[in-house]
Structures are given as C-alpha cells and as structure tokens.
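The values are calculated or read from the model by the stated rules, or taken from the named source; none is laboratory data. This one's a predicted model, so the numbers in the text were calculated from it and none came from an experiment. Cβ coordinates were reconstructed from backbone atoms using ideal geometry, including for glycine residues, and neighbour counts include every protein chain displayed. Only protein heavy atoms, including side chains, enter the accessible area calculation; ligands, DNA and RNA are left aside. Shrake-Rupley method; radii C 1.70, N 1.55, O 1.52, S 1.80 Å.
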Protein chains: 4
Amino acid sequence: MKILIDEKNRKYVVPEGKDEVHTHYGVVSLKDVPVNSRVKSHLGREFAYIEGNTLDLCEKLPRTVSTVLRKDFGAIIANTGIGGGSRVIEAGTGSGAVSIALANIVKPAGKVYTYEIREDFFGKAKQNIELSGFGNFVEMRLKDIREGIEEKEVDAVILDMPDPWSTAKHAYEALKWGGFIAAYSPYIEQSRKTTEALKEAGFRGIKTLEMIEREMEIKDVGIRPRTRMLGHTAYLTFGRKY
Amino acid sequence: MKILIDEKNRKYVVPEGKDEVHTHYGVVSLKDVPVNSRVKSHLGREFAYIEGNTLDLCEKLPRTVSTVLRKDFGAIIANTGIGGGSRVIEAGTGSGAVSIALANIVKPAGKVYTYEIREDFFGKAKQNIELSGFGNFVEMRLKDIREGIEEKEVDAVILDMPDPWSTAKHAYEALKWGGFIAAYSPYIEQSRKTTEALKEAGFRGIKTLEMIEREMEIKDVGIRPRTRMLGHTAYLTFGRKY
Amino acid sequence: MKILIDEKNRKYVVPEGKDEVHTHYGVVSLKDVPVNSRVKSHLGREFAYIEGNTLDLCEKLPRTVSTVLRKDFGAIIANTGIGGGSRVIEAGTGSGAVSIALANIVKPAGKVYTYEIREDFFGKAKQNIELSGFGNFVEMRLKDIREGIEEKEVDAVILDMPDPWSTAKHAYEALKWGGFIAAYSPYIEQSRKTTEALKEAGFRGIKTLEMIEREMEIKDVGIRPRTRMLGHTAYLTFGRKY
Amino acid sequence: MKILIDEKNRKYVVPEGKDEVHTHYGVVSLKDVPVNSRVKSHLGREFAYIEGNTLDLCEKLPRTVSTVLRKDFGAIIANTGIGGGSRVIEAGTGSGAVSIALANIVKPAGKVYTYEIREDFFGKAKQNIELSGFGNFVEMRLKDIREGIEEKEVDAVILDMPDPWSTAKHAYEALKWGGFIAAYSPYIEQSRKTTEALKEAGFRGIKTLEMIEREMEIKDVGIRPRTRMLGHTAYLTFGRKY
C-alpha cells in the first residue's frame, strides 16, 4: 500500500492503479514519481510518497468498530511475549486491524486464528486482511468462540469482546503451558468478572493493567504535557497457564 | 530455559543439567518430573515447572544495567511497527535484554544489530544472548554507534543511551524510507535535545510520549489502583524518515 | 448572586433586579418564586433557583484570562495551610477569580493583597471582586510586583505570572517565618527557573507538583474513567521560609 | 506549637515547657533561642526553629488511623467552596486531623461538627484538637452519624467512613440549599453505592474524582517525575443539594 503524508502528518492512501490523489492541500500527481521520495501538489505543498507499513495500513483501514489502540496493543505484546512464530487466537475480529497487527509480529512462521460471529464484520475484515497482504498468516473463523476453540497448544489468546469471561475455560484448554490470555475491557466490572473466571479456569499470575499515554509538547516556548489527552480506553486483564 | 514458579509467582531458573532447585519454599527435586507440570517441594509447597519463554528469560537475566521496561518496550514496538522480519538497530546493548526481546519479535527472518562500547557489558550480553538461543538473530558490534552505523535500509533504530541526539544523522542514513527512530531518555531535557537533532537530521512526525502503567487491585473487598506505583521510567521520542 | 441550574447542571446568573431569565431550555419567570426552590421554564423544563456561592461566582465571572483551576487551587490551599485569617499576597490579579476564591477562605479576619500591572485587567477584576461581595477582604494594587511587595509578615505569596522567579526575593522578605510561596507555571522550564530563584532567595523545602484530576464515569453499564480528560494545566512550585 | 526542621526537612515538635530536643542530628538546646530563627545541634547541624502552622500540626499528630491526604483535602475544599465562616459536618473524626484542617479554614466565624462512634478515637482526637488550639471551632459528637445529624442549614458534609451511603439522606436534610456533600472512599464500589444513594436522596450534580499527585524532580542532571509515587488513596464523590 502506497501512501502520501502531508505537512501536518495526515496520511492519504494512494488507490491501486491511480496516479492522482486529492488531498486537503490540493491534487498530487504521481505520474513518473518514484515511491520513497517527496512530491508537490498543484498548490505547491510538499508531500512524502512512501510505501506504507503495517502501522499506516491499520490507521487507514475502513473501520467497522473501534479498535485496540497502540498503547494497549503494545502492552499486550510486551506482557504476553508474542513474537515471530507465535500461534495466537484472537476474538472478535472486528475490522481486522488487530489481526493484521498481530500477523505483522508473528509472520512468517506464526499464525493468527481470528474468530468473529457477525457476518458483516467478517466480510469487511476479510477484505482488510487481504489488502494487508498478510492473508497467509491469518486464519479467519466465522464462529462463536464461546462455543470452543479448535486450535491446541497456542501461545496466546487475545480477547476483545464484551464477555471475555465466557471464553476462559476454552482459552485454558487451547493454550500451551506457559501461554497467556489477555482480555481488553472498557469497564472495570468486566475485568472483575474476567479475573474470577480466569481463576476458576486454572489461570495464575492474574493481573489487570491500565496503560496511560501522555504526549509531551516540546516547543521553543517550553515543555509541557498536552492540554488534552485520552482519559481511558480499556483495562487489560492478563493470566497465564502454569 | 526451564523455570519453576512458586505460589507467589516468583520464578527460579533451573540450572542446566541439575535436577534439584533450592527455593524460598524448600527444595524441589525434578528427577523424573516432566516439564509442563506441577511439582511439590520437600515442604509440600506447590510449584509450576515450565519451559520459560522470552519474557521469563528477560526477567531472570543477570543484569548489568537497568533496562527498558515492558511498558516502554511495548510502546516502542507499537509505535514503530517492528514485526517479524524487521531489521532493527539497537544501542547500547547493555545486558542484552532488549536485544533478546527484539529478536523474539523479528525472528526468524529479521535481525537485530546491537552496538555497545563497553567491553564488560559486551561480554556479559554475549552470554545472555547465547543463553536465549537467539544468537542467530542478533549481530553484536563492539563499536561506538556515534561514529556511524554500518547497516543500510533498516526498519528501525532504537536508542537507549545518554546522548541519542549524537546518533540522529547516522540513524537517518541507516533507515529506509518510512522507517522509525525511537529514543529512550529518563530526563525531559534529553528529549528536547533529541527532538531538535531529529528535526535537523530530516526526521518528521516527531513526538515524545510517556507511558504510565497502573495496576488495578481486584479483591473481594473492592477494586482500586495499587497504593504504590512506578512514577516514571523514561520519555520515548519517536521520529520517522519520510 | 442568584443562579438557575438546569437539568444538565448548566448555570445561569439571574441579573440583579430582573425576574426573567432566557435559557437553553426556554424562559424562566422568577416573579413570586422564592430563592432555594425549583421552578419550571415556559417549556416545562425544571430549574433549581438558588443563592450561588463562591464556586458558582468564580465559574460565571466574565473572564479576561484563563485562570487557576480547582484542582490547582485546592493543592495550593492544602500545601500552604492558608486558612481563615490568613494574609495572602497574589499576583497577577487577572480576572480576580483567584482573589475571590482566596478571599472566601481567609474572610473575615484575613486579607488578600492582589497585584496587577495591566490597567484593563485591573478594572475588570475590580468589578468582579465587587460583584462577589468580598471587596472588604481584597486590597487591589495596580503595581508591578517585581518592583517590590509593600506588605510584611504575610502567610503566603501566590504567583500566577510568566516569570515568578523575578519575585522570589521580594516574596521572601514579605513572608513571615514558616510562610509559603506557591508559583503556578504551565511550562517545566519555568518551574526550574523558579526553583533556582527560590533556593537563591533562601527558601527551603522546595518542591514541584503536578495535579492530575480524573473523573470516573459511574453508569449502569459499568465504571470507567472518562474518555477525554484535561492533560495538563500547570506545575506548582512551592517553597517555605524557615 | 513550636517545631524544629532539620536539613532534610524532617520536623520535630518541641514539647511544651522543654528547651532541649533530641533529633536524628544530635541534641538541640533552645535555651535563650528566639522562635523564628536558626539554631545548631551539639553536632553542629543546622535547624530552623519556627512557630508551626496547621500543616505542621496535622503532620505531627499522633495518628490513630490513616487520614485524608493533602491532595484529597485540597480537592474537597476546592469542589465544595468551604471557606471562612462555613459550617461543616464531618464523620468520622478519626485522629482529628481533618477536623483541625477544616477548622483552620472556617475559623473564626465558622464551625466544624465532627461525629465519631469509637470512644477510643474520640478521646485521642479530643486531645489533638485541643493541642491545635482550635477547640472553639470544633464541636465533637460521640455519636453514630448514620442515626441522624443534629445540625441544620450547614454548608457541607464531609464523610470519611466505610459506608457513606448510609448517611446520604441525613446529609441532604442537614444541608442548606446549594450545599455540598463529599465522600472519601478507597474502593470504586463504595463510590458506586454512594452515587446511587446520593441520587435517591435528591442530590444533583453528582461526580466522582480521583486526584493524582506527581512530584517532579528538578536537578542539575535533568528534570523527571519521581521514580516512586503514591498510586492511589481514594475516590472522592461529590453531590449538591439544589
């Protein structure tokens, strides 16, 4: 996926097979422009023209639902040890953005198995995942994960669904020894229910974290945290099978 | 690396070739005990006996210096798009813990190139990296990164050193278009200097983040954030080449 | 000052001598309505009709400049021990909101001495302070505090000005033993300069705090911090004469 | 109350009628030393000798129970508009520290009415309040506030007790129109129960806040938030009668 980035760091996807992009700063013609260079619009504003990576793609995906943010995604990776070659279960698929971000980590030796119950989400996510070029590393299941997980000996189970507790036992069975579960929940009561279900299913080392990201403004006039910040996205509840 | 985990989630490395481990809860004999099972000490306390993963290893590594914490490591991965197959520069190597955690992400197709100037750190890190089994995915350089980076077209440059600004230009040259730099600095003045050096070197999309992790205590008596928390580790300054 | 509060907790000042108020929810007639009761607008929406207190007043004051927020005002009171009978210096006066809030604490035995250099601010603040009914407890000075403080043996000096360091020595002289200085600064570099000037002036027990206020949403669906929050207002630097 | 402050800002109460104080830095003789001056111990270490204020007193009080911290006390004052002359209900009395801090604000025209059910706490708090010299501004009641509040038309009701919801109706009756209730609760479930009881009792403008205080380290080497911080004390739930 090729993208343009303007002076305000806004990104524009270059549609496949097109060589003209309409932006906030005028029309950019890409005819005879090599990728990985800078180019000007008809209004004389500068753009970077680059081959986008997974981050860019996830940012520009058509969204069906709100998705796990970078700060939370990073915490999930760092607290579960997911890496190259990992086999990871995910539910629900949603727009497919998390599936793609996970595939980016586990590829090429690993695999993401993603469960979704809504047919409309499933269809849209399928398109997104194909667009990412990571189709080979994501296996999609149109199935209710609360009825069971087909895979065995997986490294991690990532749940972004309203009732992660309903999947605690299936997750325990699907995980290998030493494997992790992570559940993403906006409300603290969900984390309590998940915590209790994880205990009952046999998980240990259970903890619930909240990640807060502050951006610092570093300007000539001085340094200060930004005036407006995101107050909350979700609590992350982790457990481990051992 | 095999480990024991006790009832308080403390971990003990099982020394290679030994079948007896001394713990806070008595002696554990591992003779004829299969890995991935539970076992009791001579005092009757229960332990999990598992094959440790990268997280366990990084926790138990002999430390030469303090290292990037999970919350910051996760933010670096999530904000740079590092994934399976990425080629990443890192400096300084320190204990090797970040090299190993990065190798865990990029393996098997990617590579971590790590620079260290202190011979004593280099030697210890070499042992740690070999212990991790990721030696094939980490190339170690006993060299001052401020004098230049040998690699080209890398995906990311991660700097945990007192003066990341001194490496801004080298990093820019080493990175491919669309690649990221991330610098880890305890003091905000360091982030300002880095920000200015990144701008001068040509980086764009520069931002400085602080990650704050809060753990929630979910108990029968009620839910609350933990009384004591880590107030600060470092500011993370990011830039991108485009 | 009488106010109306609508169903969304929005406040409307009842103009002196009027008995009709135009609101977002229609016209409210106050003819023959006793204060401290509820009343309906011509659209049938309910309003509370109460005698406002200092908080209401400070919220509804015509603003000339942005002002110290509650979270920071509370921290200043709690960390300086200002109370009934205290004599407090303040600069700059700004809209007079902080002068009024301080007068509300120190009245009737104490006094607030407030310094302002801009004539336009001074005039507007004078009106606001008179409106508050606290005129007897506030002495206003149209004077540059950096040129000296007239009062002696005061309990506290509160500085909300761009260069609080310029007033450190004057503040030290004006304070009684055991008295406090507090400086409100958006940028951390200001706090550093203030810290250094306080040390040089002889202050001890110097510290810089940042107050972060999180609002929790407690709803039927669950509890969570609010999605959007105020990221930063100012750093508060305190010192004490002893 | 006279106090000594050492070089590390530690405070020592000078016992009534004594002129020698034993400290971490040696013995300090106060014979013929005027208050509000500096003095050396027999080891040559410098001390400030000052007339302590309410803050010092509250810090040095013999504690029976943990008490509301400055950050939370400040938020209560700032969000309720308590000031000189206010009449305030408080429960439970605990060590009396909050009663004294409130008395410091409302004196001399106002009054604090404080309720405590435990006789042992009551006795100790009585001593502390007398020691503060604010006895005239605090009326102590050895009584269960859940059985009713004697006072009427008060400005605020401050509850630091395990079940503030049990007092919601009594508080509503005791408050004047426009008056505030504030409840201090470590666990979020307590805030939910209080929120529901406040609604049922007729309170409006209900909100729950958490105050987080970060201290910044400003040193020659650089500026950063402190490594260790207090993660949580309590949630503050506010309501207003209107």
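Take every Cα-Cα pair in segment A:1-72 and report what % of them are more than 22 Å apart. Distances greater than 22 Å cover 24 percent of the Cα pairs. When restricted to Cα atoms, segment B:53-116 yields an Rg and a Dmax of 11.1, 29 Å, respectively.
For the pair D and C, the buried accessible area comes to roughly 5000 Å² in total, with a 1.4 Å probe and the value rounded to the nearest 100. Of the trypsin sites (Lys or Arg not before Pro) found in segment A:139-242, the ones in coil according to DSSP and having at most 14 other Cβ atoms within 10 Å of their Cβ are A:LYS152, A:ARG226. Which translational diffusion coefficient, to the nearest whole µm²/s, is obtained for the protein assembly as shown from the Stokes-Einstein equation, given a Kirkwood hydrodynamic radius over C-alpha pairs, 4 °C and 1.567 mPa s? Stokes-Einstein gives a translational diffusion coefficient of 41 µm²/s. Angle of helix C:70-80 to the longest C-alpha principal axis of chain C, folded into 0 to 90 degrees and rounded to 10: 40°. Checking every one of the GluC sites (Glu not before Pro) in segment D:1-105 against DSSP loop status and a limit of 15 other Cβ atoms within 10 Å picks out D:GLU7, D:GLU16.
With label points set 7 Å from Cα along Cα→Cβ, the inter-copy distances at C:ASP144 are 4.9, 6.6, 7.6 nm, sorted shortest first.
A simple charge model with +1 on the Cβ of Lys and Arg, -1 on the Cβ of Asp and Glu and nothing else charged puts the dipole of the protein assembly as shown at about 0 debye relative to its Cα centre. Between the helical axis of B:188-201 and the longest alpha-carbon principal axis of chain B there is an angle of about 50 degrees. Give me the base-10 log of I(q)/I(0) for segment C:93-196 at each q in 0.18 Å⁻¹, Debye formula, one uniform scatterer per Cα, rounded to two decimals. Rounded to two decimals, the profile gives -0.89. The per residue volume of the convex hull around the alpha-carbon atoms of segment B:157-198 is 59 Å³. When both bridge partners sit in segment C:113-242, DSSP labels roughly 60% of those beta bridges antiparallel.
Convex hull volume of the Cα atoms in chain A, per residue, in Å³?
For chain A, the hull spanned by Cα atoms encloses 146 Å³ per residue.
With contributions of -39500 (n - 2.57) from each DSSP H run of at least four residues, the per-residue ellipticity at 222 nm computed over chain C stands at -8000 deg cm²/dmol.
Closest approach of any chain C Cβ to the axis that rotates C onto A belongs to C:MET229, 3, distance given in whole Å.
Contact order, relative form, for chain C: 14 percent (alpha carbon pairs under 8 Å, 6 or more residues apart, mean separation divided by residue count).
Once the Cα-Cα distance is subtracted from the 0.36 nm per residue extended length, the D:GLU173 to D:LYS8 segment shows a gain of 54.6 nm. Stokes-Einstein diffusion for segment A:160-226 at 37 °C, viscosity 0.692 mPa s, with a Kirkwood radius from C-alpha pairs, works out to 232 µm²/s. Semi-axes of the equivalent ellipsoid for segment C:7-144, computed as √(5λ) from the eigenvalues of its C-alpha gyration tensor and ordered from largest down, come to 32, 16, 14 Å.
In the context of the full protein assembly, D:VAL33 retains an accessible surface of approximately 40 Å², using a probe radius of 1.4 Å and ignoring ligands and nucleic acids.
Local charge for C:LYS18 was computed over the other residues whose Cβ lies under 13 Å away, with Lys and Arg +1 and Asp and Glu -1, and equals -1. Rank C:ASP160, C:ASP56, C:ASP32 by mean-square fluctuation in a GNM of chain C with C-alpha springs under 10 angstrom and give only the top-ranked residue. Per the Cα network of chain C with a 10 Å cutoff, C:ASP32 tops the list. Keeping the other protein chains in place, figure out the carbon and sulfur percent of the accessible area of chain A, with a 1.4 Å probe. Carbon and sulfur together cover 48 percent of it.
Considering only B:ILE223, B:ILE212, B:ILE129, the Gaussian network model of chain B with Cα springs below 10 Å gives its largest mean-square fluctuation to B:ILE223.
With the charge dipole of segment C:77-176 set up from +1 on Lys and Arg Cβ and -1 on Asp and Glu Cβ about the Cα centre, the Cα lying farthest toward the positive end among the listed residues C:GLY94, C:ALA109, C:ILE158 is that of C:ALA109.
Across the copies of the chain, D:GLY205 has label points (7 Å from Cα along Cα→Cβ) spaced 3.3, 4.6, 5.0 nm apart, shortest distance listed first.
Looking at segment C:107-237, the accessible area is 42 square angstrom per residue; that uses a 1.4 Å probe and ignores ligands, DNA and RNA.
Of all DSSP bridge pairs formed entirely within segment A:1-158, close to 55 percent run antiparallel.
Taking all C-alpha pairs of segment D:194-242, those more than 12 Å from each other amount to 69 percent.
Relative to the other copies, what are the label-point distances for D:VAL33, with labels 7 Å from Cα along the C-beta vector, expressed in nm at one decimal and sorted shortest first? Label point to label point, same position, other copies: 6.1, 6.4, 7.6 nm. Over the Cα atoms of segment A:89-133, the radius of gyration divided by the Kirkwood radius equals 0.95; this is the Rg/Rh ratio. When D:GLU173, D:GLU196 are compared by accessible surface with a 1.4 Å probe, the order from highest to lowest is D:GLU173, D:GLU196. Compute the angle between helix D:119-132 and the longest alpha-carbon principal axis of chain D, please, reported from 0 to 90 degrees and rounded to the nearest 10. The two axes meet at around 60 degrees.
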